[in-house]
1. With the requirement that a residue be surrounded by fewer than 21 Cβ atoms within 10 Å (Cβ to Cβ) and either closer than 24 Å to Glu153 by Cβ or at pLDDT below 95 (or both), what does the range 261-276 give you?
2. Does the range 439-453 include one or more residues that are at pLDDT below 85, closer than 29 Å to His93 by Cα and in a loop (DSSP other than H, G, I, E, B)?
3. Which of the residues belonging to the range 402-436 are crowded, with 22+ Cβ neighbours inside 10 Å and touching an Asp or Glu at 6+ places or on another chain (Cβ under 7 Å)?
4. Exactly one of these conditions fails for Thr366: (1) surrounded by 14 or more Cβ atoms within 10 Å (Cβ to Cβ); (2) in contact (Cβ under 8 Å) with a residue 12 or more places away in the chain; (3) within 29 Å of Val283 (Cβ to Cβ). Give me its number.
5. Output the number of the condition that Ala341 fails; it satisfies all remaining conditions of (1) out of contact with any helix residue (DSSP H, G or I) (no Cβ under 6 Å at 6 or more places or on another chain); (2) touching a residue at least 24 places away in the same chain (Cβ under 8 Å); (3) under 23 Å from Ala459 (Cβ atoms); (4) not in a loop (DSSP other than H, G, I, E, B).
6. In the range 399-411, which residues are modelled with pLDDT of 85 or more, part of a helix (DSSP H, G or I) and not hydrophobic (A, V, I, L, M, F, W, C)?
7. State whether the residues of the range 50-58 include one that is among the hydrophobic types (A, V, I, L, M, F, W, C) and without any contact (Cβ under 8 Å) to a residue 24 or more places away in the chain.
Amino acid sequence: MTAQTLGAQDVVLRLNQITKRFGALTANDAISLTLHRGEVIALLGENGAGKTTLMNILFGQYTADEGSVEVFGHPLPPGNPRAALAAGLGMVHQHFTLADNLTVLENIQLGTAPLWRMALGVAAARAKLARLAADFGLEVDPDAQVGSLTVGERQRVEILKALYRDARILILDEPTAVLTPQESDALFDTLRRAVATGLSVIFISHKLHEVMALSSRVLVLRHGRLVGQVATAETDRHALAAMMVGAEVAAPAVAPMTPGPARLTLQAACTRDRGTAPGLKAVSLALRAGQITGLAGVSGNGQSALSDLISGLETLTSGRLDLPAPPPKWTPRAAVAAGIARIPEDRHKTGTIADFSLTENAILETYNQPPYSHRGLMNWAAAEAHTAKLIETYDVRCPGPSGPIRQLSGGNMQKLILGRVLELSPRIILANQPVRGLDIGAITYVHGRLLAARDAGAAVLLISEDLDEIMGLSDVIHVMSEGRLSPEFARGALSAAELGLWMAGQGFSDAA
């Protein structure tokens, strides 16, 4: 069923002239939209365009300054998440809303019944969770403490939490960031079956091929305004990208490079397991100057252990880590001194300090170096000038260098982290999900900067669950599964489906 065949009686959600201001910033400017029963609409826009703000208003976490929301023909009380849940809204947030000290099952049950009744319904809740996990291909240990889970596993819990509440309108914010191509296809198949029974979906994604595959209509926001909407069948990826940024977007060309000497090597490296997350299992790897090494894999299969080892946050239980000039002890300080710059996987937990200003976050790893420090005294004028340059160069949309970084959208926070790393001209760049949550224009820019760093002689380790990113940018590719590292594949040697099989562990079985 298409949007054209749906009548007014099929409208399940209506947003009327929604406006939201944060001081002088207008995040949403008189936005109106409708969603029909059994329809999937995609919501696109640059970072800071107002998508997340609009969805937070819909879900009751923000209150609009102007406008109203109707769900199934009834006004939705503003600023009331409980009313949104009761009306049949379910939301999978871009940034997680989970209690780290509770188990997966407890998080999913939380809010569905009084605390004293939760224990009585554990068996039924466990059975329902197991059924949903199997149907949607979102396996996760129900008894694992959420604080021990990887970023990818937490996202799966968020999806399951919304599905558990029997949502009739589902808002999905980047739901496939941590899934293999096969798992994404399975999720889409399940969503299509659910949509056929009447589920309505608002789908937010920066993966335009997913938007084309799943949605029936596409709405585009720019600078807080709805600038266009189009039937998916009547457009293509290039047109959508141009509508998002207001100009044509071209992916950077990847010229072949002859790699230089190894900047860092691992030989049969092993690390300890952490909860449900495996450590490294005899991993051998060389990061070479002038080369981007792509590492694909489903989140939670050892990528964090590898990233932490290279960052100095993890120690070896066996094996070797070698550098041209090895330090006496491998620590985070030693890694920074060795020229390793880190783009962390979780920008909130390990990439920034929420209550610090943009300036303080911009110099987190260089605050004790000139020109920011001299004989123990901070030169804040130099630090703020550096931050202002990062804001301008990387298009960080914010009030200025002195504001707290927690006020930034996730994408703009990521841009500041990227600037902090890339402006150091590092010898090794550890890029762990570097464009997660970024819009197509920002992704293109970041990829261009990573290629420029490679061309200048940096060794780049690109860790991503997005196979399009891995295949489009990497000179060589490895796949990680359950702590094991695949052989090295040349660029273009394997298809996405073949890499997906390695991500699922099948290639390792064949190789054995």
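The values are calculated or read from the model by the stated rules, or taken from the named source; none is laboratory data. All figures in this text were calculated on a predicted structure; none of them were measured in a lab. FYI the Cβ positions are ideal-geometry reconstructions off the backbone, even for glycines, and counts take in every protein chain you see.
1. Cys270, Arg272, Asp273, Arg274, Gly275, Thr276
2. Checking the range 439-453: at least one residue is at pLDDT below 85, closer than 29 Å to His93 by Cα and in a loop (DSSP other than H, G, I, E, B).
3. Within the range 402-436, Gly411, Lys415, Asn432, Gln433, Val435 qualify.
4. (3)
5. The one condition Ala341 does not meet is (1).
6. If the condition is that a residue be modelled with pLDDT of 85 or more, part of a helix (DSSP H, G or I) and not hydrophobic (A, V, I, L, M, F, W, C), then Arg406 is the only one that fits.
7. no
To keep it simple, each residue is scored yes or no on (1) buried (at least 20 other Cβ atoms within 10 Å of the Cβ); (2) within 22 Å of Leu199 (Cβ to Cβ).
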site	(1), (2)
Thr34	no, yes
Met55	yes, yes
Gly67	no, no
Gly73	no, yes
